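The values are calculated or read from the model by the stated rules, or taken from the named source; none is laboratory data. Values in this document were obtained by computation on a predicted structure and should not be read as measured data. Note that each Cβ is placed from the backbone with ideal geometry, even for glycine, and that neighbours are counted across all protein chains shown.
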Amino acid sequence: MSDSPDIFGSQEPDGEQAKPSAAELEAAGQSALFGDPIAPTVAAPEAPPSELAPVVKAPVKAPATTQPYRVLARKYRPQTFGELIGQDAMVQTLANAIRRDRLAHAFLMTGVRGVGKTSTARLIAKALNCIGPDGTGGPTIDPCGVCEPCRAIAEGRHIDVIEMDAASHTGVDDVREIIEAVRYAAVSARYKIYIIDEVHMLSRNAFNALLKTLEEPPAHVKFLFATTEVDKLPVTVLSRCQRFDLRRITAPMLVENFSMICRNEGVEADPEALAIIASAAEGSARDGQSILDQAIAHADMASEGEGTHVTAEQVRDMLGLADKGVQRKLLAALLAGNGSELLDVVDRQYALGVEPIALMRGQMELVHRIALCQLGKGEAQGPSAEEREAIADWAAKLGAAQVHRLWQLLLKGHDEVRTAPEPIVAAQMALLRVMHAADMPDPGALVRKLDEIAARPELAGQPIAGQSGPDAAASQGASPARSDAIAGHAHAGPPPSWETLIAQVEAAGQLRVGQVMSDWIRVIDLAPGHLRYQLAPGYKEDVGPELRDALYRATGERWQIERGGADQDGTPTIAERRKAEAEAEADIVRNSPMVKAAMDAFPDARLLEHGGEKDIRRA
C-alpha cells in the first residue's frame, strides 16, 4: 500500500493542497460532472486544522427566519378558560360538571359572531384530554397548556380532535364518515372529540343520519357543535345536546381586553378611541380586535414611525364616524330649530367623508342615552365630561314624550336614508322634519286639551251645526247618549222613548226593523200606541206593516201606525243625528287654536276620527 502514499495519507502533505475537505471533494465532483467549477472554500494558512470545521459547516446552517405576522384576533385567541371573557356562567357550569364527573356527550355553543364559540369548543377539548405536566392528570377546567395533548390541540394537529366545517361538509356522506369512525377508540387521547363548526349548515338528511349516534355515542366520543343560527337546528338535535348561549361581550370588558392587547403590543391608545372601537364591535371580541388591528396600522401610517399612538380622531376617520362634538352640535341645532346651522353641519361632515347613515345613527345614540339618563340609569354616560354634562342638561330640559317622539322620527329617517337613492338628501330632509316636529305637543296632551275644550259649559247647550228652527229643537230634545262628547252630559234625564222602542224591538229579535227605525224613520208624532212618521229620502219600501208587527211583539200592545203627508217632516233619524254630532265634533276640533296651528304648520295633515279610520277633512 506504500505505492500511493499521497492518496492514503501515509506521508505528510505539502502545504495547503494536502488533505482536502469533504466540501472540496464534493465541489470537485460537481465540477467533473457538470463542467461548472465551484470555488472551494479554502481555510486561512495560519488557522489550525481544528478551526476549519466551523467554516465548512457554516453554509449548512439554515438562516434565521422571522415568523409571519398573525392578526390580533388569532394571536390573542383564548388559550384557557380564564382568558375567555364575558362567559362566566358557562365556565362555572363546565367546571362543576368536570369536578363532579357529570360530562355530557354533546355540547352546543351558540351566539353571535366573535364571542368565543369555536374557542370554547377547543378549550373543552383541551380540558377533557389534558394529562398535566407530569402526564398523570385528569380532566380539568384549567388545562396546563404544556402537555402534548394541550399543545397538539392548540396547534390543530391532534389526531383525536377532529374539526369539521359544516358549511363545506353538508351531506350524508360526510356524516357517514363520522358514524363509521366513532366506533374506534381514541389513538392517544382520553376522548375522541368532534368539533363541528356552523353545524346549522348540515342538510336535513345529514342531521337525521347523525341523530342515533348523537343520542347514544360511545363512551370515548364527545361532540362539540358551534353555530350562530340555532333556530335552524332541528329540535331533535337540540334535545340531545347541552346548550350554552354565549352572551355578547359588554363594552367595558372589550375596552379592558383592548387595553391589555395594546400594552402587550407596545401601543398607546386613547380611552375614547378604545370606547369607539368597543361600540363598533357590537359585543364581538373578534370584530373589535380586527378593528383595533386596523386602527394600529392606521396610527402607524399617521405617526410616521415616531411610535404608535391610536387617537379617537384617527379611529373616527378610519370608521367614517362623526365626531362626538359634532353630533352634539347637530342635536343642539335640531332642538333649537336652527335649520341653516343643521344643514351646514351635515354638509361639512359629508365633505369629510362621514356617511349620512352614520349621522343618523349618532343622533339616535344620543337620544337613547338621554332617555336612559331620564330614567335614572345612573349618571349620564360618556367618555368626556363635556358630553356627560350635555346629556344631563338635555335630559332635564326635554320631556319623556318628546324624547320618545325624537327617537321615532329619527328611526324612520334612518330607514329612509338606508334605502334612498341619494342618502345625503334623505338625511337632510329627515333631520329637517325632526326639527320641525321637535316642539309639537305629544298626542296625549293634545287629546287632553281637546277634552277640556269639549267639556266647556258654553258648548253644552249649542245646537248641532247645520240645523236651525224646529229641527234643531227636536234634535236637542231627542239627543242620544253619544252626545256627551259635545254637551258633557249637561242634559241628564230619561232616555228618549223612540230610542227605547228601538231597543225593545231589537231585543224582540226584529233586528232588521230596528235598523230601519234607527236609520230611515223620522218621527212626526209619538204617543202611547200611536206613531206618525215620515221616511228619510232614499227608502222606497212600505215599512208600515212590518213596523206595526214589530212594535206589537216588542210592547204587547196594538199600535196605530200612519205615514205623514209630504208637507210634514219629522225630527231627524238617529243616523242623521249621529252624523250631525260627528260634524259638530269635527268643527270643534278644527276650530281649536292648537289644531289650527298644527294645520298651518303641516298643510297636508289630516284629522282622523278617534277610534276609527274616518277622515275628518279640513273645513
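Here are some notes:
- Identity of the residue in segment 203-237, more than 27 Å from the chain's Cα centre (by Cα) and among the small types (Gly, Ala, Ser), that ends up farthest from residue 159 (Cα to Cα): 203
- Residues in segment 335-366 that are among the small types (Gly, Ala, Ser) and over 19 Å from residue 436 (Cβ atoms) were compared, and the one that is modelled with the lowest pLDDT is 353.
- Of the helices (runs of 4 or more DSSP H) entirely within segment 526-607, those holding at least 3 residues that are surrounded by 11 or more Cβ atoms within 10 Å (Cβ to Cβ) and modelled with pLDDT of 80 or more occupy 544-555, 574-590.
- Identity of the residue in segment 151-176, among the acidic types (Asp, Glu) and loosely packed, with under 13 Cβ neighbours inside 10 Å, that ends up nearest to the chain's Cα centre (by Cα): 155
- Of all residues in segment 188-213, those satisfying the criterion of being in contact with a helix residue (DSSP H, G or I) (Cβ under 7 Å, 6 or more places away or on another chain) and in a helix (DSSP H, G or I) are 200, 205, 206, 207, 209, 210, 211, 213.
- Condition check for residue 141: hydrophobic (A, V, I, L, M, F, W, C), touching a helix residue (DSSP H, G or I) at 6+ places or on another chain (Cβ under 9 Å), part of a helix (DSSP H, G or I) and within 19 Å of residue 103 (Cβ to Cβ): no
- Test: residue in segment 222-243 that is touching a residue at least 24 places away in the same chain (Cβ under 8 Å), among the basic types (Lys, Arg) and either at positive phi or surrounded by fewer than 17 Cβ atoms within 10 Å (Cβ to Cβ) (or both): yes
- The residues of segment 188-210 that are surrounded by fewer than 22 Cβ atoms within 10 Å (Cβ to Cβ) and either out of contact with any strand residue (DSSP E or B) (no Cβ under 7 Å at 6 or more places or on another chain) or without any contact (Cβ under 8 Å) to a residue 12 or more places away in the chain (or both), listed by number, are 188, 190, 201, 203, 204, 205, 206, 207, 208, 209.
- Within segment 562-606, considering residues that are among the basic types (Lys, Arg) and over 25 Å from residue 501 (Cβ atoms), the one farthest from the chain's Cα centre (by Cα): 590
- Among the residues of this structure, residue 313 counts as one that is acidic (Asp, Glu), out of contact with any helix residue (DSSP H, G or I) (no Cβ under 8 Å at 6 or more places or on another chain) and in a helix (DSSP H, G or I).
- Applying the criterion of being among the basic types (Lys, Arg) and in contact (Cβ under 8 Å) with a residue 60 or more places away in the chain to the residues of segment 303-355, the residue that is farthest from residue 276 (Cα to Cα) is 328.
- Within the option set 223, 258, being of a type in the set (Phe, Trp, Tyr) and not in a helix (DSSP H, G or I) holds for one residue only, 223.
- Among the residues making up segment 149-163, those that are over 15 Å from residue 118 (Cβ atoms), touching a residue at least 24 places away in the same chain (Cβ under 8 Å) and part of a helix (DSSP H, G or I) are 149, 150.
- Positions within segment 272-292 being in contact with a Ser or Thr (Cβ under 8 Å, 6 or more places away or on another chain) and touching a residue at least 60 places away in the same chain (Cβ under 8 Å), in sequence order: 272, 283
- Test: residue in segment 164-187 that is touching a residue at least 60 places away in the same chain (Cβ under 8 Å) and touching a helix residue (DSSP H, G or I) at 6+ places or on another chain (Cβ under 6 Å): no
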